[in-house]
Amino acid sequence: MKKTALLLTYLTLMVSPFFINQSIAQGQVDQKTSSPYFFVKSDDPNVDQLPLKSTKANVNIAGVIADVTISQIYKNEGARPLEAIYVFPTSTRAAIYGMKMVVGQRVIEAEIQEKNKARKTYETAKENGQRTSLLEQERPNVFLMNVANIMPGDEIQVVVNYTELLIPDGGVYEFVYPTVVGPRFAGESTQNESFTNTPYLKAGKMPSYEFGLNVWLSGGLPIQDVACTSHKINTKYEGTAAANIDLDATEKNGGNRDFILQYQLAGGKIQEGLLLYEHEDENYFLMMVQPPKKVKAEDIPPREYVFIVDVSGSMNGFPLDISKKLMRNLMTSLRPSDKFNVMLFASTSSVLAQQSLDASAQNVERAINFLGNSSGSGGTRLISALEKALKLPRAEEGISRSFVVITDGYISVEQEAFDLVRNNLDNANLFAFGIGSGVNRHLIEGLAHIGQGQPAIVTDQAGASEAAEKFRHYIQSPVLTRVKASFKDFQVYDMEPAVLPDVMGDRPVVFFGKYKGEASGNIQIKGYSGRKKVKTAFDVGSVKPDKKNAALRYLWARERIRLLDDYNNLRSDEARIREITRLGLGYNLMTAYTSFVAVDKEIIKDKTEETASVKQALPLPQGVPNYAVGFSPAIEGVVIKGINKEIFSSSSVYRFIALIFGAGLIFIGWRKLG
C-alpha cells in the first residue's frame with residue numbers, strides 16, 4: 001500500500017507541470033497583472049505581428065508652448081489584411097487637437113465624434129472593407145490607436161497633433177515626450193480595460209520599430225544649457241535664441257524610455273507675463289508670474305512626514321535602489337522638531353510604527369534598516385496602503401502634515417486613488433515621487449495636483465541624487481501660500497484653476513481664463529511668503545492679442561477637462577459627462593468621451609475576407625524587470641483576435657526536475673520499505 005502511494009506521488013510530480021500549463025492557458029492562475037506577459041512571434045508566416053514600423057515626433061517649442069506632431073507608420077508585410085492595435089502615451093497636459101491618415105497620395109482628415117459614435121463609424125468602415133483609423137483615450141496620457149484593413153504591401157501613416165504648456169522649474173524648462181506605456185497592475189481595479197492587456201517584450205529587448213524625434217526650440221531669449229538626460233542628441237544653434245535638436249543615429253531603438261529635454265534661458269530668467277488670444281466670439285489669456293525666493297528656515301513650522309514607499313515587483317532593481325537613497329536623503333535632513341513614519345507596500349503593506357516618531361538619529365537609522373530589508377516583489381496595492389496611511393494618527397494637533405508617495409505608478413486605479421486623496425484633503429498635503437524610465441505620470445502628477453503638493457520624477461541612476469535633493473527642498477520649503485488673483489477693469493471669467501494652489505518650490509504661478517471686451521486694466525497676485533505679505537501687479541494693456549497664441553484655446557479647454565475628468569471620478573453624473581463631451585466636440589479635442597476617426601472612401605477589401613487583429617508588443621520601460629508583468633519570466637504570449645497563445649517555455653525543464661526528484665523519493669522510500 002505504501003509503495004503504491006509512492007508511485008502515485010511520482011506520477012503526480014511528473015504530470016503536474018502539464019496541468020500548470022493548462023491552468024495558465026485557461027487563465028486559471030493569478031497572473032498578478034492583466035498583461036499577457038511577453039511577445040513571441042507566431043509560426044504563421046502569413047501574419048505580420050509587428051505592423052508598426054516607425055514612430056517619430058516633430059516638436060516646435062515657441063516660448064512656453066510646445067506643439068507636437070506624432071507620425072506613426074504601419075506596414076503590412078504579410079499576406080493577409082491586418083488590423084493594428086497600438087497603445088502609446090503622451091504628456092499628461094497634452095491637448096490632442098487633430099489626426100489624419102495618409103494612404104499613398106491621399107490624406108484623410110479625422111473627425112472628432114462622440115466616443116461610441118466614433119467606434120461605430122470605425123467598425124462599420126472596417127466591415128465595409130475601407131481603410132480606417134480610430135484614436136481613443138484610455139487614460140488622459142494613454143491612447144489606443146486602431147488601424148484597420150491594412151492590406152498586404154500597404155503602408156499607412158497616421159499623424160496626431162497635440163499642444164502643451166511648459167512650466168519652468170527653478171529657471172529650468174523641461175519638455176518630456178513619453179515613449180512607452182508601462183505595465184499596469186490591475187489587482188485593485190474593478191474595470192475591464194483592454195489597454196492593460198497589452199503584450200510586452202522581454203526586459204532589455206529593444207523596440208521592434210524605429211524611434212525618431214526632432215525639436216525646433218525658439219526661446220524668445222538667448223538659450224543656454226540645452227541637455228537631454230535620457231538620450232544622445234545633436235544640437236545645432238541658429239543664432240542665440242533658437243536651436244535645432246535631433247536624436248543621435250544610435251538612438252533609433254530609443255523608444256523604451258521617456259525623452260527628456262531640459263534648457264535654460266540666459267541668466268536663469270523665465271518668460272513670465274501675460275499671453276492673449278482672440279478667437280471669434282471668445283478671448284483667452286494665460287498668466288505666468290515668478291514667485292518670491294524661498295523663505296527662511298526659521299519661518300517654517302514643525303512638520304510631520306509619512307513616507308509611503310512602493311516595494312512591488314516592478315520596483316525591483318534601480319527604482320528600489322533609488323528609493324532607498326532618496327529616503328536616506330530625506331530622513332537624515334529632517335529637523336529635530338520634525339516627526340516621521342514609513343509605510344512599505346506591495347501586495348500587502350507594513351508600517352514602521354503605529355504613530356510618527358521623532359526625527360532622531362536612532363529612529364532614522366531604524367527606518368533605513370526597515371526599508372533596507374525590502375527586495376521588490378508582488379503586486380502594487382496602492383489604494384489599501386493609502387487608506388491605512390491616512391488612518392494613522394496625527395503626531396500633534398496643528399502640526400503641518402505631509403504624505404510622500406514613492407512609486408513607479410504601474411497601477412490601473414488612478415481615479416480611485418485621486419478620489420481617496422481628494423476626500424482627505426483636510427488630513428494632509430500629498431507629494432508624489434515617481435521613479436523609473438517610463439513612470440505613470442498621470443498618477444504621479446495627479447496625486448500631487450489633488451493633494452496640493454508637488455510631483456517629482458527621476459528616470460535613471462545618474463539624476464537620482466540631484467532629483468532627491470530638489471524634492472527635499474520642495475517638501476520642506478513653502479514659497480507662497482494663500483495665493484489669490486484679483487482683476488481690475490479686466491473682465492475675466494472661466495478661470496482655471498478657480499483656486500490657486502500653494503507654491504512649494506521655485507515654480508511660477510500659472511492660470512488660464514477667458515475675458516470679455518478690451519484687454520485692459522490690471523491683474524494682481526497676492527499671497528504670503530513666510531511671515532511676509534507679497535503682492536505683484538501686471539498691466540494688461542501693455543500686451544496685445546497675438547494669433548501665434550492660438551494654442552491658448554486648446555490649453556484652456558484641456559485644463560478645464562483635466563479638472564472635470566482626469567482627476568475626478570466622484571461625480572459620474574450625466575451632466576458632467578455631457579459637459580466634457582461638449583468641450584471635446586466644441587474645441588476639437590480628444591477626451592474620455594470623444595474620439596478621432598478617419599475613414600478612406602475607397603473600398604479595398606471584400607467583406608468575406610478575413611482580417612487578423614494584432615496587438616503591437618511594447619518594450620518594457622528601460623530598467624523595469626520581467627517581474628513587472630507576471631509571476632514567472634518563463635511565460636511568453638501574444639494576443640491575436642480569435643487566438644490566445646500562452647507558452648510555458650520551461651515546462652520540459654520542470655518535467656525533468658520533477659522526474660529526477662520523484663525518482664529520488666521513490667528510491668529512498670522503496671529502500672526504507674524493504
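Could you count how many residues in region 323-378 are among the polar types (S, T, N, Q), surrounded by fewer than 18 Cβ atoms within 10 Å (Cβ to Cβ) and under 19 Å from His473 (Cα atoms)? Qualifying residue count for the region: 4. Scanning region 212-247 for residues that are in contact with a helix residue (DSSP H, G or I) (Cβ under 7 Å, 6 or more places away or on another chain) and either open to solvent by less than 40 Å² (accessible area, probe 1.4 Å) or within 30 Å of Val87 (Cα to Cα) (or both) turns up His231, Lys232.
For region 394-441, filtered to residues that are β-branched (Val, Ile, Thr) and within 23 Å of Gly317 (Cα to Cα), the residue that is modelled with the lowest pLDDT is Ile411. Identify all residues within region 124-142 that are buried (at least 19 other Cβ atoms within 10 Å of the Cβ), over 25 Å from Asp67 (Cβ atoms) and not polar (S, T, N, Q); write none if there are none. Once the filter is applied, which keeps residues that are buried (at least 19 other Cβ atoms within 10 Å of the Cβ), over 25 Å from Asp67 (Cβ atoms) and not polar (S, T, N, Q), region 124-142 yields Ala125, Lys126, Gly129, Arg131.
Looking across Glu278, Glu304, Glu272, one residue alone is within 20 Å of Val479 (Cα to Cα), open to solvent by 10 Å² or more (accessible area, probe 1.4 Å) and among the charged types (D, E, K, R). It is Glu272. Taking each residue of region 517-535 that is without any contact (Cβ under 8 Å) to a residue 40 or more places away in the chain and small (Gly, Ala, Ser) and looking for partners that are outside any loop (DSSP other than H, G, I, E, B) and open to solvent by less than 40 Å² (accessible area, probe 1.4 Å) with beta-carbon atoms closer than 8 Å, six or more apart or interchain, yields Ser520/Val540; Ser520/Gly541; Gly521/Val540; Gly521/Gly541. When region 523-535 is limited to residues that are of a type in the set (Gly, Ala, Ser) and at pLDDT below 80, the one that is least open to solvent (accessible area, probe 1.4 Å) turns out to be Ser529.
Within the bounds of region 328-337, is there any residue that is touching a helix residue (DSSP H, G or I) at 6+ places or on another chain (Cβ under 9 Å), hydroxyl-bearing (Ser, Thr, Tyr) and in contact (Cβ under 8 Å) with a residue 40 or more places away in the chain? Yes, region 328-337 contains a residue that is touching a helix residue (DSSP H, G or I) at 6+ places or on another chain (Cβ under 9 Å), hydroxyl-bearing (Ser, Thr, Tyr) and in contact (Cβ under 8 Å) with a residue 40 or more places away in the chain. When the residues of region 401-431 are filtered to those that are closer than 17 Å to Asn141 by Cα and open to solvent by 10 Å² or more (accessible area, probe 1.4 Å), the one that is nearest to the chain's Cα centre (by Cα) is Gln415. Taken over region 87-102, the residue count meeting the criterion of being surrounded by fewer than 18 Cβ atoms within 10 Å (Cβ to Cβ) and over 27 Å from Asn549 (Cα atoms) is 1.
Of the residues making up region 498-522, those that are of a type in the set (Gly, Ala, Ser) and crowded, with 16+ Cβ neighbours inside 10 Å are Gly505, Gly513, Ala519, Gly521. Taking region 231-296 as the region of interest, the strands (runs of 3 or more DSSP E) fully inside it that hold 3 or more residues being under 21 Å from Tyr493 (Cβ atoms) and at pLDDT 90 or above are 273-279, 282-289. Inside region 356-398, residues that are within 20 Å of Lys324 (Cβ to Cβ), within 22 Å of the chain's Cα centre (by Cα) and aliphatic (A, V, I, L, M) make up a count of 2. The strands (runs of 3 or more DSSP E) falling completely within region 504-616 that include 3 or more residues that are among the charged types (D, E, K, R) map to 532-539, 594-603.
Of all positions in region 76-86, none carries a residue that is closer than 11 Å to Val160 by Cα and open to solvent by less than 20 Å² (accessible area, probe 1.4 Å). Would you say Thr121 is surrounded by 24 or more Cβ atoms within 10 Å (Cβ to Cβ), modelled with pLDDT of 90 or more and more than 30 Å from Leu275 (Cβ to Cβ)? The answer is no for Thr121. Picking from residues in region 475-497 that are hydroxyl-bearing (Ser, Thr, Tyr) and surrounded by 14 or more Cβ atoms within 10 Å (Cβ to Cβ), the one that is farthest from Asp565 (Cα to Cα) is Ser477. State yes or no: is Phe511 within 25 Å of Gln271 (Cβ to Cβ), out of contact with any Asp or Glu (no Cβ under 8 Å at 6 or more places or on another chain) and either among the charged types (D, E, K, R) or modelled with pLDDT of 90 or more (or both)? No: the conditions fail for Phe511. Would you check if Val439 is more than 22 Å from Lys294 (Cβ to Cβ) and surrounded by 24 or more Cβ atoms within 10 Å (Cβ to Cβ)? Judged against the criteria, Val439 is a match.
The values are calculated or read from the model by the stated rules, or taken from the named source; none is laboratory data. Computed from a predicted model, the values in this text were never measured in an experiment. When we count neighbours, we look across all protein chains shown, and the Cβ atoms used for this are built from the backbone with ideal geometry, even at glycine. Note: accessible area is taken over every heavy atom of the protein model, side chains too, but ligands, DNA and RNA are not part of it. Shrake-Rupley method; radii C 1.70, N 1.55, O 1.52, S 1.80 Å.
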